[in-house]
Amino acid sequence: MKAEILSIGTEILLGEIVDTNAQYLASRLPALGIDLYFKAVVGDNMERLTETIGRARERSDIVICTGGLGPTEDDLTREAICAVLGEEPLVDHELEATLRGFFVRRGYAMPERNVKQCWLIPSCRAIPNPRGTAPGWWVERDGKIIVAMPGPPSEMTRMWENEVAPELVRRHAGSVLITRTLKTTGIGEGNVDEMVSPLLKTRNPSIGIYARADGVQLRIAAKAPTEAQARDLIAPVEDEARRILGPAVWGADEDTFESVVGDMARVAGVTIATMESCTGGLLASTLTDVPGASVYFRGGLVSYQTELKVGWGVPASVVEEFGVISPECARAMAQAARERLEASVGVGITGVAGPDEQEGKPVGTVHVAVDAIWAAPQVMSYVFPSGRTAIKRRAVTVALGLLRQSLLGHRNEALV
(Lines give C-alpha, C1' and ligand atoms only; values in the text may rest on other atoms or scores of the structure.)
Protein backbone atom coordinates (compact mmCIF):
# COMPACT_ATOMS: atom_id res chain seq x y z
CA MET A 1 0.00 0.00 0.00
CA LYS A 2 1.36 3.42 -1.03
CA ALA A 3 0.66 6.43 1.16
CA GLU A 4 0.94 10.19 0.89
CA ILE A 5 0.83 12.72 3.75
CA LEU A 6 -0.68 16.17 3.23
CA SER A 7 -0.21 18.81 5.93
CA ILE A 8 -2.81 21.53 5.44
CA GLY A 9 -2.53 25.10 6.71
CA THR A 10 -1.07 28.40 5.59
CA GLU A 11 0.49 28.79 9.05
CA ILE A 12 2.80 25.86 8.24
CA LEU A 13 3.90 27.42 4.94
CA LEU A 14 4.65 30.70 6.74
CA GLY A 15 6.78 28.94 9.35
CA GLU A 16 4.48 30.01 12.17
CA ILE A 17 4.20 26.43 13.43
CA VAL A 18 6.39 23.35 13.01
CA ASP A 19 4.79 20.43 11.19
CA THR A 20 5.26 17.71 13.80
CA ASN A 21 2.20 15.80 12.56
CA ALA A 22 3.88 14.70 9.33
CA GLN A 23 6.96 13.54 11.20
CA TYR A 24 4.83 11.56 13.64
CA LEU A 25 2.80 9.87 10.91
CA ALA A 26 5.85 9.11 8.77
CA SER A 27 7.45 7.31 11.72
CA ARG A 28 4.33 5.18 12.27
CA LEU A 29 3.62 4.00 8.73
CA PRO A 30 6.54 1.55 8.27
CA ALA A 31 5.37 -0.64 11.15
CA LEU A 32 2.05 -0.99 9.34
CA GLY A 33 3.77 -2.14 6.17
CA ILE A 34 2.69 1.04 4.37
CA ASP A 35 5.20 2.74 2.07
CA LEU A 36 5.33 6.52 2.21
CA TYR A 37 6.27 7.95 -1.18
CA PHE A 38 5.28 11.62 -0.91
CA LYS A 39 4.77 14.37 1.68
CA ALA A 40 3.42 17.83 0.92
CA VAL A 41 2.33 21.04 2.63
CA VAL A 42 -0.49 23.09 1.11
CA GLY A 43 -2.07 26.32 2.32
CA ASP A 44 -5.69 27.22 2.93
CA ASN A 45 -6.54 27.83 -0.71
CA MET A 46 -9.45 25.94 -2.28
CA GLU A 47 -7.98 25.62 -5.76
CA ARG A 48 -4.54 24.48 -4.66
CA LEU A 49 -5.92 22.20 -1.95
CA THR A 50 -8.31 20.49 -4.36
CA GLU A 51 -5.53 20.03 -6.91
CA THR A 52 -3.14 18.61 -4.30
CA ILE A 53 -5.64 16.14 -2.83
CA GLY A 54 -6.73 15.06 -6.30
CA ARG A 55 -3.15 14.43 -7.45
CA ALA A 56 -2.34 12.55 -4.24
CA ARG A 57 -5.41 10.35 -4.64
CA GLU A 58 -4.46 9.47 -8.22
CA ARG A 59 -0.97 8.24 -7.34
CA SER A 60 -1.42 6.81 -3.83
CA ASP A 61 -3.62 4.18 -2.23
CA ILE A 62 -4.15 6.19 0.93
CA VAL A 63 -3.95 9.96 1.43
CA ILE A 64 -3.54 11.10 5.03
CA CYS A 65 -4.48 14.74 5.64
CA THR A 66 -4.01 16.75 8.82
CA GLY A 67 -5.49 20.20 9.42
CA GLY A 68 -8.24 22.29 7.89
CA LEU A 69 -11.13 20.67 9.78
CA GLY A 70 -12.00 23.69 11.92
CA PRO A 71 -15.20 25.74 11.69
CA THR A 72 -13.83 28.88 10.01
CA GLU A 73 -14.07 29.95 6.38
CA ASP A 74 -10.42 29.12 5.70
CA ASP A 75 -10.80 25.52 6.98
CA LEU A 76 -11.32 23.92 3.58
CA THR A 77 -10.28 20.27 3.82
CA ARG A 78 -13.86 18.95 3.73
CA GLU A 79 -14.79 21.23 0.83
CA ALA A 80 -11.74 20.15 -1.15
CA ILE A 81 -12.46 16.44 -0.63
CA CYS A 82 -16.05 17.03 -1.74
CA ALA A 83 -14.77 18.76 -4.89
CA VAL A 84 -12.34 15.95 -5.69
CA LEU A 85 -15.04 13.28 -5.38
CA GLY A 86 -17.88 15.36 -6.78
CA GLU A 87 -20.08 14.68 -3.76
CA GLU A 88 -22.31 17.11 -1.84
CA PRO A 89 -22.07 17.31 1.96
CA LEU A 90 -25.08 17.03 4.26
CA VAL A 91 -25.34 17.77 7.97
CA ASP A 92 -25.36 14.56 10.02
CA HIS A 93 -27.89 15.22 12.78
CA GLU A 94 -26.35 12.71 15.17
CA LEU A 95 -22.99 14.46 14.87
CA GLU A 96 -24.71 17.82 15.30
CA ALA A 97 -26.41 16.71 18.51
CA THR A 98 -23.11 15.40 19.87
CA LEU A 99 -21.31 18.62 18.99
CA ARG A 100 -23.99 20.85 20.51
CA GLY A 101 -23.78 18.78 23.68
CA PHE A 102 -20.01 19.34 23.71
CA PHE A 103 -20.61 23.10 23.88
CA VAL A 104 -23.47 22.90 26.39
CA ARG A 105 -21.30 20.93 28.82
CA ARG A 106 -18.88 23.86 28.70
CA GLY A 107 -21.56 26.36 29.44
CA TYR A 108 -22.15 28.17 26.14
CA ALA A 109 -24.06 27.80 22.90
CA MET A 110 -22.45 26.39 19.78
CA PRO A 111 -21.67 28.99 17.09
CA GLU A 112 -23.56 28.15 13.91
CA ARG A 113 -20.26 28.20 12.01
CA ASN A 114 -19.42 24.93 13.72
CA VAL A 115 -22.24 23.13 11.91
CA LYS A 116 -19.83 22.45 9.01
CA GLN A 117 -17.95 20.14 11.38
CA CYS A 118 -21.04 17.90 11.24
CA TRP A 119 -20.91 17.41 7.46
CA LEU A 120 -20.66 13.99 5.88
CA ILE A 121 -20.70 12.82 2.26
CA PRO A 122 -21.90 9.44 0.89
CA SER A 123 -18.34 8.03 0.68
CA CYS A 124 -17.40 9.20 4.19
CA ARG A 125 -17.87 8.12 7.77
CA ALA A 126 -16.94 10.23 10.79
CA ILE A 127 -13.92 9.39 12.93
CA PRO A 128 -14.58 10.14 16.64
CA ASN A 129 -12.61 12.98 18.25
CA PRO A 130 -13.23 13.14 22.02
CA ARG A 131 -10.50 15.77 22.42
CA GLY A 132 -11.98 18.42 20.15
CA THR A 133 -14.91 19.63 18.09
CA ALA A 134 -13.78 18.34 14.69
CA PRO A 135 -14.54 14.70 13.81
CA GLY A 136 -12.16 13.17 11.32
CA TRP A 137 -13.23 11.84 7.93
CA TRP A 138 -12.63 8.33 6.63
CA VAL A 139 -13.38 8.58 2.91
CA GLU A 140 -13.33 5.46 0.76
CA ARG A 141 -14.26 5.05 -2.89
CA ASP A 142 -12.93 3.17 -5.94
CA GLY A 143 -10.38 1.33 -3.80
CA LYS A 144 -8.78 4.58 -2.60
CA ILE A 145 -8.80 5.98 0.95
CA ILE A 146 -8.57 9.56 2.20
CA VAL A 147 -8.16 10.02 5.94
CA ALA A 148 -8.62 13.58 7.23
CA MET A 149 -7.63 14.32 10.83
CA PRO A 150 -7.52 17.52 12.90
CA GLY A 151 -4.36 19.64 13.00
CA PRO A 152 -3.84 19.98 16.80
CA PRO A 153 -1.28 17.24 17.60
CA SER A 154 -3.04 15.98 20.72
CA GLU A 155 -6.25 15.42 18.75
CA MET A 156 -4.47 13.96 15.73
CA THR A 157 -2.30 11.48 17.64
CA ARG A 158 -5.21 10.22 19.71
CA MET A 159 -7.32 9.73 16.57
CA TRP A 160 -4.47 7.96 14.79
CA GLU A 161 -3.62 5.60 17.64
CA ASN A 162 -7.17 4.70 18.62
CA GLU A 163 -9.10 4.84 15.36
CA VAL A 164 -7.05 5.05 12.18
CA ALA A 165 -4.03 2.82 12.80
CA PRO A 166 -6.09 -0.13 14.14
CA GLU A 167 -8.33 0.05 11.06
CA LEU A 168 -5.33 0.04 8.75
CA VAL A 169 -3.83 -2.93 10.58
CA ARG A 170 -7.10 -4.83 10.20
CA ARG A 171 -7.22 -4.15 6.47
CA HIS A 172 -3.59 -4.54 5.51
CA ALA A 173 -2.11 -8.03 5.87
CA GLY A 174 1.28 -7.60 4.27
CA SER A 175 4.87 -7.17 5.31
CA VAL A 176 5.91 -4.72 7.98
CA LEU A 177 9.04 -2.59 8.34
CA ILE A 178 10.39 -2.32 11.88
CA THR A 179 13.26 -0.05 12.89
CA ARG A 180 15.56 0.04 15.88
CA THR A 181 17.72 3.11 16.47
CA LEU A 182 20.88 2.99 18.57
CA LYS A 183 22.14 6.35 19.86
CA THR A 184 25.83 6.99 20.42
CA THR A 185 28.02 9.74 21.82
CA GLY A 186 31.70 10.60 21.73
CA ILE A 187 32.47 9.20 18.26
CA GLY A 188 31.99 10.82 14.87
CA GLU A 189 29.81 9.72 11.97
CA GLY A 190 32.78 8.47 9.93
CA ASN A 191 34.13 6.52 12.89
CA VAL A 192 30.81 4.80 13.49
CA ASP A 193 30.57 3.95 9.80
CA GLU A 194 34.05 2.43 9.84
CA MET A 195 33.50 0.49 13.06
CA VAL A 196 30.28 -1.18 11.90
CA SER A 197 31.32 -1.59 8.26
CA PRO A 198 31.00 -5.42 8.37
CA LEU A 199 27.32 -4.99 9.23
CA LEU A 200 26.60 -2.55 6.41
CA LYS A 201 26.66 -5.31 3.80
CA THR A 202 23.40 -6.81 5.02
CA ARG A 203 20.27 -5.97 3.01
CA ASN A 204 17.64 -7.17 5.44
CA PRO A 205 18.15 -5.79 8.02
CA SER A 206 19.56 -2.65 6.42
CA ILE A 207 21.61 -0.12 8.36
CA GLY A 208 21.75 3.66 8.09
CA ILE A 209 24.02 6.09 9.97
CA TYR A 210 22.91 9.63 10.78
CA ALA A 211 24.42 12.56 12.69
CA ARG A 212 22.02 14.18 15.15
CA ALA A 213 22.27 16.92 17.77
CA ASP A 214 22.71 14.36 20.57
CA GLY A 215 25.22 12.16 18.73
CA VAL A 216 25.45 9.72 15.85
CA GLN A 217 22.55 7.31 15.41
CA LEU A 218 22.56 3.85 13.88
CA ARG A 219 19.20 2.81 12.44
CA ILE A 220 18.57 -0.90 11.84
CA ALA A 221 15.52 -1.65 9.67
CA ALA A 222 14.06 -5.07 8.89
CA LYS A 223 11.14 -6.10 6.70
CA ALA A 224 9.17 -9.28 7.40
CA PRO A 225 5.61 -10.67 7.30
CA THR A 226 5.09 -9.87 11.01
CA GLU A 227 6.51 -7.49 13.59
CA ALA A 228 7.85 -10.39 15.66
CA GLN A 229 9.74 -11.81 12.69
CA ALA A 230 11.19 -8.40 11.85
CA ARG A 231 12.41 -7.96 15.42
CA ASP A 232 14.01 -11.42 15.28
CA LEU A 233 15.99 -10.26 12.25
CA ILE A 234 17.08 -7.08 14.04
CA ALA A 235 18.13 -8.66 17.35
CA PRO A 236 21.46 -10.30 16.33
CA VAL A 237 22.51 -7.24 14.32
CA GLU A 238 21.74 -4.96 17.27
CA ASP A 239 23.68 -7.23 19.62
CA GLU A 240 26.73 -7.13 17.35
CA ALA A 241 26.49 -3.35 16.89
CA ARG A 242 26.35 -2.87 20.66
CA ARG A 243 29.38 -5.15 21.08
CA ILE A 244 31.36 -3.15 18.52
CA LEU A 245 30.36 0.31 19.76
CA GLY A 246 30.51 -0.56 23.45
CA PRO A 247 29.80 2.22 25.98
CA ALA A 248 29.43 4.77 23.18
CA VAL A 249 25.82 3.54 22.88
CA TRP A 250 23.82 5.57 25.41
CA GLY A 251 20.26 4.78 24.38
CA ALA A 252 17.81 3.55 21.79
CA ASP A 253 14.64 4.61 19.99
CA GLU A 254 12.69 7.11 22.14
CA ASP A 255 15.35 7.42 24.85
CA THR A 256 16.56 10.94 25.59
CA PHE A 257 19.93 11.83 27.05
CA GLU A 258 18.28 13.36 30.12
CA SER A 259 16.09 10.32 30.78
CA VAL A 260 19.03 7.93 30.50
CA VAL A 261 21.21 10.06 32.79
CA GLY A 262 18.31 10.37 35.22
CA ASP A 263 17.78 6.61 35.32
CA MET A 264 21.49 6.07 35.97
CA ALA A 265 21.48 8.57 38.82
CA ARG A 266 18.33 7.08 40.34
CA VAL A 267 19.66 3.51 40.19
CA ALA A 268 23.01 4.59 41.64
CA GLY A 269 21.32 6.57 44.41
CA VAL A 270 23.27 9.75 43.64
CA THR A 271 22.07 13.34 43.46
CA ILE A 272 22.88 16.11 40.97
CA ALA A 273 23.27 19.87 41.35
CA THR A 274 24.11 22.50 38.73
CA MET A 275 25.58 25.98 38.42
CA GLU A 276 25.05 27.54 35.00
CA SER A 277 26.13 30.76 33.40
CA CYS A 278 25.80 30.92 29.61
CA THR A 279 23.04 28.30 29.49
CA GLY A 280 20.84 30.29 31.84
CA GLY A 281 19.28 27.28 33.59
CA LEU A 282 18.67 25.21 30.46
CA LEU A 283 20.50 22.19 31.92
CA ALA A 284 18.37 22.27 35.06
CA SER A 285 15.24 22.62 32.93
CA THR A 286 16.27 19.70 30.72
CA LEU A 287 17.01 17.43 33.66
CA THR A 288 13.63 18.20 35.19
CA ASP A 289 11.80 17.45 31.95
CA VAL A 290 11.99 13.83 33.13
CA PRO A 291 9.12 12.76 35.41
CA GLY A 292 10.40 11.87 38.86
CA ALA A 293 13.56 13.98 38.56
CA SER A 294 13.10 15.20 42.13
CA VAL A 295 14.51 11.85 43.27
CA TYR A 296 17.99 12.73 42.03
CA PHE A 297 18.03 16.44 41.09
CA ARG A 298 18.82 18.63 44.09
CA GLY A 299 18.58 22.00 42.36
CA GLY A 300 20.33 24.49 40.14
CA LEU A 301 22.00 27.89 40.45
CA VAL A 302 21.97 30.38 37.55
CA SER A 303 24.85 32.81 38.00
CA TYR A 304 25.06 35.31 35.17
CA GLN A 305 26.88 37.87 37.30
CA THR A 306 30.45 37.22 38.48
CA GLU A 307 29.69 38.34 42.04
CA LEU A 308 27.00 35.66 42.30
CA LYS A 309 29.47 32.97 41.32
CA VAL A 310 31.83 34.18 44.02
CA GLY A 311 28.98 34.53 46.52
CA TRP A 312 27.94 30.94 45.86
CA GLY A 313 31.38 29.49 46.42
CA VAL A 314 33.58 30.09 43.36
CA PRO A 315 36.90 31.37 44.75
CA ALA A 316 37.59 34.99 43.78
CA SER A 317 41.20 33.97 43.13
CA VAL A 318 40.05 31.60 40.34
CA VAL A 319 38.10 34.37 38.65
CA GLU A 320 40.96 36.86 39.00
CA GLU A 321 43.63 34.50 37.72
CA PHE A 322 41.80 32.59 34.96
CA GLY A 323 38.68 34.62 34.22
CA VAL A 324 35.04 33.58 34.21
CA ILE A 325 35.31 31.97 30.77
CA SER A 326 37.80 29.27 31.69
CA PRO A 327 37.93 25.56 32.49
CA GLU A 328 39.14 26.46 35.97
CA CYS A 329 36.01 28.52 36.61
CA ALA A 330 33.75 25.75 35.27
CA ARG A 331 35.44 23.28 37.60
CA ALA A 332 35.02 25.63 40.56
CA MET A 333 31.35 26.15 39.67
CA ALA A 334 30.75 22.39 39.59
CA GLN A 335 32.40 21.96 42.99
CA ALA A 336 30.49 24.91 44.46
CA ALA A 337 27.16 23.55 43.20
CA ARG A 338 27.89 20.12 44.65
CA GLU A 339 28.93 21.47 48.02
CA ARG A 340 26.38 24.27 48.39
CA LEU A 341 23.42 22.10 47.35
CA GLU A 342 24.76 19.02 49.16
CA ALA A 343 24.71 16.77 46.10
CA SER A 344 26.79 13.77 45.04
CA VAL A 345 27.82 15.39 41.77
CA GLY A 346 27.90 18.98 40.55
CA VAL A 347 27.93 20.37 37.03
CA GLY A 348 29.33 23.77 36.05
CA ILE A 349 28.83 25.50 32.70
CA THR A 350 30.39 28.79 31.62
CA GLY A 351 30.92 30.23 28.18
CA VAL A 352 30.11 32.87 25.58
CA ALA A 353 26.65 32.48 24.03
CA GLY A 354 26.99 35.70 22.06
CA PRO A 355 26.47 37.82 20.18
CA ASP A 356 29.62 39.56 21.55
CA GLU A 357 32.98 38.21 22.65
CA GLN A 358 33.74 38.07 26.37
CA GLU A 359 37.14 38.25 28.02
CA GLY A 360 38.60 38.08 24.54
CA LYS A 361 37.05 34.65 23.99
CA PRO A 362 35.11 34.07 20.74
CA VAL A 363 31.39 33.42 20.65
CA GLY A 364 30.73 29.71 21.10
CA THR A 365 33.51 29.12 23.62
CA VAL A 366 32.11 26.83 26.32
CA HIS A 367 33.62 25.05 29.33
CA VAL A 368 31.68 22.27 31.05
CA ALA A 369 32.82 20.55 34.24
CA VAL A 370 31.58 17.68 36.41
CA ASP A 371 32.72 17.30 40.00
CA ALA A 372 31.69 14.06 41.73
CA ILE A 373 32.51 12.78 45.20
CA TRP A 374 33.77 9.49 43.72
CA ALA A 375 36.22 10.77 41.08
CA ALA A 376 38.52 13.57 40.00
CA PRO A 377 36.78 16.50 38.25
CA GLN A 378 36.26 16.27 34.48
CA VAL A 379 36.29 19.30 32.18
CA MET A 380 35.45 19.61 28.48
CA SER A 381 36.20 22.77 26.52
CA TYR A 382 35.30 23.58 22.93
CA VAL A 383 34.34 26.35 20.53
CA PHE A 384 31.05 25.89 18.74
CA PRO A 385 30.51 28.93 16.49
CA SER A 386 26.76 29.04 15.98
CA GLY A 387 23.68 30.94 17.08
CA ARG A 388 22.92 31.65 20.71
CA THR A 389 20.21 29.01 21.06
CA ALA A 390 22.31 26.30 19.38
CA ILE A 391 25.31 27.11 21.60
CA LYS A 392 23.21 26.72 24.74
CA ARG A 393 21.68 23.43 23.60
CA ARG A 394 25.08 22.04 22.56
CA ALA A 395 26.46 22.94 26.00
CA VAL A 396 23.63 21.03 27.68
CA THR A 397 24.25 17.99 25.49
CA VAL A 398 27.96 18.06 26.41
CA ALA A 399 27.06 18.38 30.09
CA LEU A 400 24.74 15.37 29.93
CA GLY A 401 27.48 13.40 28.19
CA LEU A 402 29.99 14.24 30.93
CA LEU A 403 27.43 13.34 33.59
CA ARG A 404 26.90 9.99 31.91
CA GLN A 405 30.65 9.31 31.80
CA SER A 406 30.93 10.11 35.49
CA LEU A 407 27.98 7.90 36.38
CA LEU A 408 29.44 5.05 34.30
CA GLY A 409 32.62 5.37 36.34
CA HIS A 410 30.61 5.26 39.55
CA ARG A 411 28.80 2.12 38.37
CA ASN A 412 32.03 0.42 37.37
CA GLU A 413 33.55 1.18 40.80
CA ALA A 414 30.49 -0.30 42.48
CA LEU A 415 30.92 -3.53 40.48
CA VAL A 416 34.54 -4.00 41.54
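The values are calculated or read from the model by the stated rules, or taken from the named source; none is laboratory data. What you are looking at is a predicted structure, and each value in this text was computed from that prediction instead of being measured. Glycine also receives a Cβ, built like all others from the backbone with ideal geometry; neighbour counts cover every protein chain displayed.
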Testing Cys118 on (1) in contact with a His (Cβ under 9 Å, 6 or more places away or on another chain); (2) closer than 23 Å to Thr20 by Cβ, one condition comes back false. Which one is that?
(2)
Just to be sure before I move on: is Arg55 free of Cβ contacts under 8 Å to residues at least 24 places away in the same chain, part of a helix (DSSP H, G or I) and not small (Gly, Ala, Ser) in the structure I sent?
yes
If I filter region 164-171 for residues that are assigned to a loop (DSSP other than H, G, I, E, B), over 25 Å from Glu240 (Cα atoms) and out of contact with any Leu (no Cβ under 9 Å at 6 or more places or on another chain), do I get at least one hit?
no
Checked against (1) more than 21 Å from Leu168 (Cα to Cα); (2) surrounded by fewer than 21 Cβ atoms within 10 Å (Cβ to Cβ), Gln23 satisfies every condition except (1)
Pick from region 1-20 the residues that are charged (D, E, K, R) and under 30 Å from Gln229 (Cβ atoms): which of them is surrounded by the most Cβ atoms within 10 Å (Cβ to Cβ)?
Glu4
Give the residues of region 76-118 that are basic (Lys, Arg) and either under 21 Å from Thr50 (Cα atoms) or buried (at least 17 other Cβ atoms within 10 Å of the Cβ) (or both), sorted by residue number.
Arg78, Lys116
Residue under question is Arg331, and the condition is that it be under 32 Å from the mean Cα position of the chain (by Cα), under 27 Å from Ser294 (Cα atoms) and of a type in the set (D, E, K, R); does it hold?
yes
Options Glu73, Glu88: the member that is at pLDDT 95 or above, in a loop (DSSP other than H, G, I, E, B) and over 30 Å from Thr226 (Cβ atoms):
Glu88
Which of the numbered conditions does Arg28 fail, given that it passes all the others? Conditions: (1) under 19 Å from Gly143 (Cβ atoms); (2) at pLDDT below 95.
(1)
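Looking only at residues in region 26-52 that are closer than 20 Å to Asp74 by Cβ and charged (D, E, K, R), which one is surrounded by the most Cβ atoms within 10 Å (Cβ to Cβ)?
The qualifying residue surrounded by the most Cβ atoms within 10 Å (Cβ to Cβ) is Asp44.
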Matching residues in region 119-161 - criterion: being of a type outside the set (S, T, N, Q), assigned to a loop (DSSP other than H, G, I, E, B) and crowded, with 21+ Cβ neighbours inside 10 Å
Ala134, Pro135, Pro150, Gly151
Please work out if Thr202 is without any contact (Cβ under 8 Å) to a residue 60 or more places away in the chain, among the hydroxyl-bearing types (Ser, Thr, Tyr) and not assigned by TED's automatic domain parsing to the domain that holds Asp61.
yes
From Glu227, Glu194, grab the single residue that is touching a residue at least 60 places away in the same chain (Cβ under 8 Å) and more than 18 Å from Phe257 (Cα to Cα).
Glu227
